Amino acid sequence: MPEHAERAKADLQALAAQDDEFATVDRGTEDAPDLQVIPNPLPAWKRAGFASRDEALEVVGSSRI
């Protein structure tokens, strides 16, 4: 639907721009927390179904929407 293209592109741009490369997890216990920063196994672009952040950005720059 062409009338929704600009909103979709803006939403995809925001999704691709999220800085969620890393996540903080607690691998300790209640009494002894052990916060660690790990690579995010499920960033926003992956949850949206893209193979990479670059793929999401390519869609924003193309006329596929």
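Values quoted throughout were computed directly from the atomic coordinates according to the rules given, and no laboratory measurement underlies them. If you're wondering where the values come from, they're calculated on a predicted model, not measured in any experiment. Note: ideal-geometry Cβ built from the backbone for every residue, glycine included; neighbour counts use all protein chains shown.
Of note:
Residue-wise test of (1) in a loop (DSSP other than H, G, I, E, B); (2) among the hydrophobic types (A, V, I, L, M, F, W, C).
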| position | (1), (2) |
| --- | --- |
| LYS9 | no, no |
| ALA14 | no, yes |
| ASP20 | yes, no |
| ASP31 | yes, no |
| ILE38 | no, yes |
| GLY49 | yes, no |
| GLU58 | no, no |
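- The set of residues in the range 24-52 being surrounded by 10 or more Cβ atoms within 10 Å (Cβ to Cβ) and within 15 Å of ASP11 (Cβ to Cβ) consists of ALA44, TRP45, ARG47, ALA48, PHE50.
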